[in-house]
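Chemist: Shown below is the structure under consideration.
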Amino acid sequence: MTKPTIYIPMNLKDVFSHAFPEGVPVNAQVDKGRCGLGMTYREIREKRDTITVLTSVSIIDAKFEEHKDYSQLLVVYEGTTWQMVQDYLKREDVPYKKILCTPESFGKIIKAAFEMKKLSWLYKNFFLFLDEAHAYAADAFRKDILTPFSYFWNFDKKTIASATLFKFSDPRFNALQHYELTYKEKFGKISIVNFPDVKQVLNHFLTTPDMFPGNVHIFFNSVTESGNAIRNAKLTDVNIYCRDDERNMANLEEIKVHFKKAPKKGEYKKFNFYSQRYNEGWDLEDSREATIIIVSDIHIPHSLLSVPYKGFQAIGRLRKKRPHRIYHITNTFNNHGMRTEEEIRAAWLYHASDYINHYNLFQIKRIQDRIAPLNHFKEMITGYAEFQGETASLDHMKLDQIICRDACKEHFNSHDSIMKTWQECNYDTENVSFDLPEIVRLNKSRAQIIKELVDLMEELQANEQDYLYGQASRTLAKYKEEFAIAFEAYSILGRRGMEQLQYNEKAMKEELITKSNGNAEAKLRIHLAEMFMLNRRYLKTEVKKILQDAYTKFSIRNKDGSTKKATASQLETFGMFLLKECKIKTDGKSENGFLIEKILFQLRCAA
C-alpha cells in the first residue's frame, strides 16, 4: 500500500534540522529538493549504528575530512578488506559504529558480518542510509553500483535520500514513507545557450575571460574534449579534475600538467573543468562572482548528463550562495515533444514484464520439447531481468536504469524540452542565442537562399537582445560580401518588395535601379557594392579611377553642374566600407592603397 507523501515547506536558508528536528527518519525516502542541507552530517553524528552509502570515494574522503575529530569512522572502499570491517565491528570501544561505504564495496560489510555469524544482528541493529540515491538509476555505467540493493530490504531500518530523488519502480518502495521538501523561492536562473556547435560556443567563453568576474567552474563529462578545449583556447590559468587513471592521463597528453586530484578552496584557477564524478557530494567553496557552466553535446553521448539529476547536482556544488551566472551550453536532437518519465516507465514496465513472461513460457515449452537452449532470447531480456535457473523475473533496479537513461535523453529533444526540464527543477530560464542558424545551401536555388537570408535578418532585428556575443552580426557580415544586392534590396524594397520579385537577384537589381532613377547616389551605392570586395587591396589610384568613372556614369555633379572630381579618400564617406591604409607592391615598387577591412550595413526596412 502506498503511503501518502508528506510535504514539508522550506525556505532557501533552512537546513535539514528545520524539516527533521529528530534526525534522519527511518524507513523513508526523502526528496530533499536541494543540495547541501546537512543530512549526511546529521546522520554521522547520530547516536546509533549506521552504514552510510555514498556514491564515490571522493565524497567519502571529503566527509571523513569534515569529521576528522570523530575518530570512530570506518571508510570502506577500494583497498578496504572484509577482515578490516570485521575488526571494526568487533570493537567494543566504539559505542556507535559509523561506516561510510561506496556501493561497490558494500558486499565487504555483508561478508564481514556473515563470517562473524552476525548477519541477522547487522540487519536488525544497523540503520542503512543510502544518500545520493538517484545515482542507482543514473549511473548505469558502474557495473556493481546496485550491490546494496541485493541486501537493502533485509535491513529493519533503512532510508534513501537525494536532492534529486528518482522515482523507483519497485513496489516495495511504496512501503517507505515519502517526504518531499518544497520551496516557493526559485533556486536561480539558467541561461541556456543552444547552438549546434557546442565546441565553438565553449571556445568563445574560454577566450573571452573578461565576461566572467570570478572563477568559472565547467562541468563537462568528457576528459578528452575538456583537454581539447583547454588546448584550443591556449589556457594556462586552468585546473582539470577527473579520475587519476592511466587512460585519462593518456587522453589529456600535455594538458595533464593542469590535472588536480580533488577540488580545494584557495586552489581554483580562472577556469576549472570537472568530469562527472565531481557532479555531486562535495562542497565548492568560492565567491558569489563564480560562474557555473554545464556543457552537453549530443555528438558526445556520455556528455549528455541527466539534467534533473547530474545537472541539478552540479549546480548545487556551490554552497551557501548563488553563483554570478549559470550557463547550460548544449545542442539538441531537434525532435518534437518530450515523453514524461511516467510515460516511459509505464511503457518499459509493460514491455519488460511481457517479454519476461514470454521467455518463461518459452523455456517451459523448450524443456518439454527437449530442445537445446539458444541464448539470443535470454540476451534480449538480460538488461532488466534476473535469473534463477531457467526462470526469469523482473529486476526493477536494472529496469530503472533504462528508464532513467531514456527519460534523460528526452530532455535534449529540443530547446523547449531543455527549458521545461530546468523549470521543473525550480529554476527560471532564459534563452541566450550565440549565433544565427546556418543556411543549408544544398539543392536550393539562389532565390531560396536569399529568402532564408532575409529570415535571418529579421530574426536578428526582432531578438537582438538575445544575441549577446556579436557572433550573429559577424555571420550576417560574411553574407554581405556575397549578397550585397540582397542587403541593399532589403534596405530599399523591404521583404514585401523582394517577395513580389520572388527574391530574384537580377530582378531586384533592375528594380533598385529603376526605383533610384533621379536618385543618382542610390545607383552609385549599388554600383560601388559590386565594385569593391571585402578583404581586397586597391591602389589609391585605382580607387580614384573607379570613383571618377562612376561619377561620370551616374552624373554625380557639383553645384555648378560640373562632374564631381574624385579622390580615393571619398570612398569612406559613403559609409559603406571600413578602410585601412596599406602598402601594395607593383612592379617592385611599394604604393599606397586601401584594404577593404569591413563592409558596413544597417538592417532597416524600407519605408
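Chemist: Could you work out how much longer the chain between Ser562 and Arg366 gets when fully extended? Use 0.36 nm per residue separation minus the Cα distance between them, nm to one decimal.
Modeler: 60.1 nm
Chemist: Under a straight-distance cross-link criterion of Cα-Cα below 19 Å, which aspartates and glutamates are reachable from Lys108, leaving out those fewer than 8 residues away in the same chain?
Modeler: Asp49, Asp61, Glu78, Asp87, Asp131, Asp144
Chemist: Longer than 18 Å from Cα to Cα, which of Lys63/Lys398; Lys544/Lys580; Lys118/Lys143 are they? Say none if no pair is.
Modeler: Working: Lys63/Lys398 29 Å; Lys544/Lys580 16 Å; Lys118/Lys143 28 Å.
Those over the limit are Lys63/Lys398; Lys118/Lys143.
Chemist: With a Förster radius of 45 Å, plug the Cβ-Cβ distance of Ser569 and Thr224 into 1/(1 + (r/R0)^6) and report the FRET value to the nearest 0.05.
Modeler: Result of the calculation: an efficiency of 0.30.
Chemist: Would you be so kind as to identify which of Tyr327, Asn154, Leu436 lies farthest towards the positive end of the dipole of the chain, taking Lys and Arg as +1 and Asp and Glu as -1 on Cβ and the Cα centre as origin?
Modeler: In the chain, that residue is Leu436.
Chemist: For segment 228-343, calculate the relative contact order in percent as a whole number, restricting contacts to Cα pairs under 8 Å that are 6 or more residues apart.
Modeler: Working: 133 pairs, mean separation 28.4, N = 116.
With pairs under 8 Å counted, the relative contact order is 24 percent.
Chemist: Can you give the translational diffusion coefficient of segment 1-102 in µm²/s, computed by Stokes-Einstein from the Kirkwood radius over Cα pairs at 37 °C and 0.692 mPa s?
Modeler: Details: Rh = 15.4 Å.
Approximately 213 µm²/s, per Stokes-Einstein.
Chemist: Restricting to Cα pairs below 8 Å that are 6+ residues apart, what does the relative contact order work out to for segment 520-607? Please round to a whole percent.
Modeler: Over segment 520-607, the number comes to 32 percent.
Chemist: Something else about it: Which entry in (i) 40.5; (ii) 66.8; (iii) 29.1 is this structure's computed mean projected area of the Cα convex hull in nm²?
Modeler: (i)
Chemist: Given a Förster distance of 60 Å, report the FRET efficiency between Asp170 and Arg474 from their Cβ-Cβ distance, rounded to the nearest 0.05.
Modeler: 0.65
Chemist: While we're on this one: For the chain, what is the calculated [θ] at 222 nm in deg cm²/dmol (nearest 500), taking -39500 (n - 2.57) for each run of four or more DSSP H residues and dividing by its residue count?
Modeler: Helices in the chain give a 222 nm mean residue ellipticity of -10500 deg cm²/dmol.
Chemist: For Lys365, which aspartates and glutamates qualify as cross-link partners when the Cα separation must be under 12 Å and same-chain residues fewer than eight apart are set aside?
Modeler: Straight-distance partners of Lys365: Glu390.
Chemist: For segment 341-409, just say rounded, prolate or oblate: build the C-alpha gyration tensor, square-root its eigenvalues into a ≥ b ≥ c, call rounded for a/c under 1.5, and beyond that prolate if a/b exceeds b/c, oblate if not.
Modeler: Prolate is the answer for segment 341-409, as a/c is 1.5 or above and a/b outweighs b/c.
Chemist: Using a cut-off of 17 Å between alpha-carbon atoms, which aspartates and glutamates can reach Lys540, once sequence neighbours fewer than 8 places away in the same chain are excluded?
Modeler: Lys540 reaches Asp549, Glu572, Glu581, Asp587, Glu591, Glu597.
Chemist: Determine the sum of side-chain charges near Thr182: Lys and Arg each +1, Asp and Glu each -1, restricted to other residues whose C-beta is under 14 angstrom from that of Thr182.
Modeler: Residues close to Thr182 contribute a combined charge of -1.
Chemist: Here is a further query. Dipole of the chain (Lys/Arg Cβ +1, Asp/Glu Cβ -1, origin at the Cα centre): which of Tyr355, His396, Asn413 lies farthest to the positive side?
Modeler: Asn413
Chemist: For segment 170-176, take each phi angle, set θ = phi - 60°, evaluate the Karplus expression 6.51 cos²θ - 1.76 cosθ + 1.60, and give the result in whole Hz per residue in order, putting x for glycine and proline.
Modeler: With the stated coefficients, segment 170-176 comes to 4, x, 5, 5, 5, 7, 7 Hz.
Chemist: Relative contact order, percent, of the chain when contacts are C-alpha pairs under 8 Å separated by at least 6 residues? Could you put the intermediate results ahead of the total?
Modeler: On the way: 967 pairs, mean separation 73.3, N = 607.
RCO, the chain: 12 percent.
Chemist: To continue, here is another question. How do Asp131, Asp31, Asp69 rank when sorted from fewest to most other Cβ atoms within 10 Å of their own Cβ?
Modeler: If I rank by nearby Cβ atoms, fewest first, I get Asp69, Asp31, Asp131.
Chemist: Follow-up. Evaluate the Kirkwood expression for the hydrodynamic radius of segment 520-607, namely the inverse of the mean inverse distance over all pairs of different C-alpha atoms, and round to one decimal in Å.
Modeler: Kirkwood hydrodynamic radius for segment 520-607: 14.0 Å.
Chemist: Something else now. In this model, which of Lys270/Lys451; Lys451/Lys545; Lys270/Lys310 are farther than 32 Å apart at the alpha-carbon?
Modeler: On the way: Lys270/Lys451 43 Å; Lys451/Lys545 35 Å; Lys270/Lys310 23 Å.
The pairs that break the limit, which is 32 Å between Cα atoms, are Lys270/Lys451; Lys451/Lys545.
Chemist: Still on this structure, I have one more. Say each of Asn504 and Gln72 gets a label point 7 Å from the Cα, pointing the same way as Cα to Cβ; how far apart are those two points in nm?
Modeler: Calculated label separation equals 9.2 nm.
Chemist: Let me ask something additional. Compute the label zone of Lys13 within segment 280-295: residues whose backbone N is under 18 Å from the point 7 Å along Cα-to-Cβ.
Modeler: Backbone N within reach: 288.
Chemist: Now for a different question. Quick check: residue separation of Trp153 and Lys321 times 0.36 nm, minus the Cα distance between them. What number comes out in nm?
Modeler: 56.7 nm
Chemist: Related question: State which entries of Lys68/Lys261; Lys269/Lys478; Lys321/Lys478; Lys158/Lys269; Lys13/Lys158; Lys158/Lys378 exceed 31 angstrom in Cα-Cα distance in the structure shown.
Modeler: Flagged as over cut-off: Lys269/Lys478; Lys321/Lys478; Lys158/Lys269; Lys158/Lys378.
A short reminder: the numbers here are calculations on the coordinates, not readings from a lab. These numbers were taken from a predicted model, which means no experiment stands behind them. Cβ coordinates were reconstructed from backbone atoms using ideal geometry, including for glycine residues, and neighbour counts include every protein chain displayed.
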